[in-house]
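The values are calculated or read from the model by the stated rules, or taken from the named source; none is laboratory data. Since this is a predicted model, take the numbers as computed values, not measurements. Virtual Cβ from ideal backbone geometry, glycine too; neighbours counted across all protein chains shown.
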Amino acid sequence: MRYDKSSDSAAKKGRYIIPKKLAVLAIGFTLFAMLLMVMMYSAKSGGTKAALQRNQAETSAPFVSDAVKSSNKKLAAYLDMQDRTDFEDAERGFIATFEDTKIMAEAGGVAYDFGAYAFLNGPAPETANPSLWRQSQLVAKHGLFKVTEGIYQVRAYDLSNITFIRGDTGWIVVDPLITKETAARAKALVDREFGVLPVTGIVYTHSHLDHYGGVRGLVSESDIANGVEIIAPDGFVRETVSENILAGNAMGRRATYMFGALLPKRADAQIGVGLGPTVSRGIPGLLYPTINVDHTGQTVTIDGVKMDFILALGAEAPSEFMFYLPQFKAFCQAEIINHTLHNLYTPRGAKVRDGQLWSKYIDQAIYTYGDETEVSFGSHHWPVWGKDKVAALWTGQRDLYRYLHDQTLRLANQGYTMHEIPERLNLPDGIAKSFANRGYYGTVSHNSKAQYQLYFGYFDGNPANLDPLGPVAEGTKFVEYMGGAQNIIDKAQADFDNGEFRYAATALNYVIFAQPENKQAANLLADTYTQLGYMAESGSWRDFYLTGALELRRGIKDLPVVRTVSADTVKAVPLDLYFDLLAVRLNGPKAAKKDRNLNFVLTDTGEKALLIISNGALHHRMGQSDADAPTLNLTRSALDQLNLKQKTFMQLAKEGSLSVEGNLLAVKSFFALIEEPDFWFEVVRP
Ligand SMILES: [Zn+2]
């Protein structure tokens, strides 16, 4: 076998028109769809209607156990629920909001309805943790707010905040929300109140969708060509796609749990996720940055506005920065500092984050800008004003992440393991009594497990846990050891009646994995999850429990997958990352005896790669080719159209933007080994 690194020797071989059969080979690119769609999935869509009606009927008078009531009461007594400071801050500087609360989607339907949370007015119902209820009320406050003279925010028009900074001639916009519809609506509100001014700059604080996706609602390519700058932290474009790409399908499915996408917005269902109300459905996009911030201390001035940056890579997001605005004595804390304990591990699944590093970035903000900052605002939640309150928020958040990291390791070094540590780890009152440090999004429990995992991985060192049975076999054994399912159900019912929900959930889960059709166990487990949901202070835990209950009761509905993935996002995937994605979609067992090579050439960008299947593993070597292997020639846009399912192989071949040289069958059988995972897999059942 010859590997030709410089020339495309396969080009001499004959060209083929792709037969119709190849049309089925289009590689489904549901990956981002998965993650995005998740977030955009609406419980209002047709498929869930029946479920909702049933759910409403089931929950018309929701049962709330005494244990839930007393747990919620105890927490309310621990916290200073009379303290209205956050409400004053969240309402401070209110200018206006649109009367019509519905933001329409370009493709039809509603992209976002900031009026959907009107039910949050009033005291906490028994079906919600009062601390989470309070937070949900705060994050649902919508409209245009003045941060300081020259800085304004539109809040609750999406999951995140959009910030407008007045420059000499127009607006510098920080974090343009998730979709173009919501970003455009926010700009329309600013225009209505201040008169129409152009956007002269965009700042993406980090590589998560809720901070850049709506950019096309504000500016276009021609604006960029005409000098509008887009500032972003180092590594931004790659991280927008790479952080979640390889595991995207499973993360997406788990995110339907975490964000409560299948739940109605109601006092006994989804009430907000702690970080913001919920996510918009519409068209996300991406315009590439023009200015890269690659070190702390870097300064950029746009439209007369000076920004001093603190780079914060690898904490909340792989690519992120915070910045200080000296003219305004204002600090943009991005998503590093929030009015919640954020996630060191996000329950939808992700690589864990380092609390020590996170804390150090906040400390850097404190010693660099703490003395001069008069107002601090972020990518979520409301600002705080005055040096004392800024200091209190920043130091509380700094201490929170540091304490979690360090005390987890202290206990781990004493021999305590991942599931033991959260049972003994309590935050000091100085941290825990501050609302900004409460676990509305992350929790002390799962974040401390994350810090354990960061250093030790999943294994606790106990040989009993080195090679346990899988959940079905374990459940079956457990049922057998306990003398049958009914014995377990009876004991779980007694625990349920005593308010001991956590072990009831564990034991009933064994029964479900042994006997997925056991209705009695499923109903009791659903009831147990529901009580845990009503008790949870974390919006994402609540959503997990209530979604688990929903799927236990009604099973999985094979709901239509809303493909909201944008051409911008697909285009941004670097070719080598795309091949890594193909590799995790290769059916290993099927490919195990089908070793072969394939040349892949992008005719317009000049990129090429050699793909090698060896023993069921797919490798790629960028820039190389094999003269003896067949070659797939196509343009980048043809590849993107395939992946967006806009066109088939056949159509692209007819247009001339795709062709095969060499053994067509070999190309065909190569792609036949690539599979697309199912989105609606079981979570609460085997
Ligand atoms: Zn965010």
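When residue 578 is tested against the conditions (1) buried (at least 18 other Cβ atoms within 10 Å of the Cβ); (2) modelled with pLDDT under 85; (3) not β-branched (Val, Ile, Thr), the lone failure is (2). Of the residues making up the range 191-208, those that are surrounded by fewer than 24 Cβ atoms within 10 Å (Cβ to Cβ), aliphatic (A, V, I, L, M) and in contact (Cβ under 8 Å) with a residue 12 or more places away in the chain number 2. Tell me yes or no: at least one residue of the range 628-640 is among the charged types (D, E, K, R), under 33 Å from the mean Cα position of the chain (by Cα) and modelled with pLDDT of 95 or more. Within the range 628-640 (the criterion being among the charged types (D, E, K, R), under 33 Å from the mean Cα position of the chain (by Cα) and modelled with pLDDT of 95 or more), the answer is no, since none of the residues qualifies.
Scanning the range 218-233 for any residue that is touching a Lys or Arg at 6+ places or on another chain (Cβ under 7 Å), more than 15 Å from residue 332 (Cα to Cα) and in contact (Cβ under 8 Å) with a residue 12 or more places away in the chain turns up at least one such residue.
So that you can scan it fast, the table gives a plain yes or no per residue for (1) part of a loop (DSSP other than H, G, I, E, B); (2) at pLDDT 95 or above; (3) crowded, with 23+ Cβ neighbours inside 10 Å; (4) in contact with a helix residue (DSSP H, G or I) (Cβ under 7 Å, 6 or more places away or on another chain):
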| position | (1), (2), (3), (4) |
| --- | --- |
| 336 | yes, yes, yes, yes |
| 345 | yes, yes, no, yes |
| 351 | yes, no, no, no |
| 376 | no, yes, yes, yes |
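Just one of the numbered conditions (1) farther than 23 Å from residue 664 by Cβ; (2) touching a Phe, Trp or Tyr at 6+ places or on another chain (Cβ under 9 Å) is not true of residue 632: (1). Within the range 242-265, track down each residue that is closer than 15 Å to residue 314 by Cα and more than 12 Å from the chain's Cα centre (by Cα). Answer for the range 242-265, where residues must be closer than 15 Å to residue 314 by Cα and more than 12 Å from the chain's Cα centre (by Cα): just 242. Identify the residue in the range 242-260 that is at pLDDT below 90 and assigned to a loop (DSSP other than H, G, I, E, B) and, among all such residues, is farthest from the ligand (Cβ to nearest atom). Applying the filter and picking the extreme gives 246.
The number of residues in the range 226-241 being touching a strand residue (DSSP E or B) at 6+ places or on another chain (Cβ under 8 Å), outside any strand (DSSP E or B) and β-branched (Val, Ile, Thr) comes to 1.
So which residues in the range 369-397 are closer than 26 Å to residue 428 by Cβ and charged (D, E, K, R)? Correct list: 371, 387, 388, 389.
Among the residues of the range 195-235, those identified as away from the ligand (no atom under 16 Å from the Cβ) and under 23 Å from residue 104 (Cβ atoms) are 196, 199, 216, 217, 218, 219, 220. Checking each residue in the range 397-415 for being closer than 13 Å to residue 455 by Cβ and either hydroxyl-bearing (Ser, Thr, Tyr) or in contact with a strand residue (DSSP E or B) (Cβ under 9 Å, 6 or more places away or on another chain) (or both) picks out only 408.
Checked against the criteria, residue 158 counts as in contact with an Asp or Glu (Cβ under 8 Å, 6 or more places away or on another chain) and either acidic (Asp, Glu) or under 18 Å from residue 263 (Cα atoms) (or both). With respect to (1) surrounded by fewer than 24 Cβ atoms within 10 Å (Cβ to Cβ); (2) within 14 Å of the ligand (Cβ to nearest atom); (3) of a type outside the set (S, T, N, Q), the lone exception for residue 155 is condition (1).
Filtering the range 309-317 for residues that are touching a helix residue (DSSP H, G or I) at 6+ places or on another chain (Cβ under 8 Å) and not in a loop (DSSP other than H, G, I, E, B) leaves a non-empty set.
Of the helices (runs of 4 or more DSSP H) lying entirely inside the range 378-492, those containing at least 2 residues that are more than 23 Å from the chain's Cα centre (by Cα) and within 21 Å of residue 79 (Cα to Cα) span 387-413, 421-424, 429-432. Step by step: first the residues of the range 273-298, then only those that are part of a strand (DSSP E or B) and in contact with a Pro (Cβ under 9 Å, 6 or more places away or on another chain), then the one that is farthest from the ligand (Cβ to nearest atom). Which residue is that? Going through the qualifying residues, I end up with 292. Candidates 149, 239: the one that is more than 16 Å from the ligand (Cβ to nearest atom) and either surrounded by fewer than 24 Cβ atoms within 10 Å (Cβ to Cβ) or polar (S, T, N, Q) (or both) is 149. Residues that are more than 20 Å from residue 402 (Cβ to Cβ) and surrounded by fewer than 21 Cβ atoms within 10 Å (Cβ to Cβ) within the range 353-374 comprise 371, 372, 374, listed in sequence order.
The rows are residues; the columns are (1) modelled with pLDDT under 95; (2) outside any helix (DSSP H, G or I); (3) over 30 Å from residue 128 (Cα atoms).
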{"position": "551", "(1), (2), (3)": "no, no, no"}
{"position": "556", "(1), (2), (3)": "yes, yes, no"}
{"position": "568", "(1), (2), (3)": "yes, no, yes"}
{"position": "604", "(1), (2), (3)": "yes, yes, yes"}
{"position": "609", "(1), (2), (3)": "no, yes, yes"}
{"position": "620", "(1), (2), (3)": "no, yes, yes"}
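Annotation note: Cβ proximity below 6 Å between a residue of the range 376-396 that is on the phi > 0 side of the Ramachandran plot and a residue that is modelled with pLDDT of 95 or more (sequence gap 6+ or interchain) occurs for 381/338; 381/339.
Could you identify the single residue in 169, 163 that is in a strand (DSSP E or B) and in contact (Cβ under 8 Å) with a residue 60 or more places away in the chain? Being in a strand (DSSP E or B) and in contact (Cβ under 8 Å) with a residue 60 or more places away in the chain holds for just one of 169, 163, which is 163.
Within the range 102-121, being part of a loop (DSSP other than H, G, I, E, B), touching a helix residue (DSSP H, G or I) at 6+ places or on another chain (Cβ under 9 Å) and surrounded by fewer than 17 Cβ atoms within 10 Å (Cβ to Cβ) holds for 106, 121.
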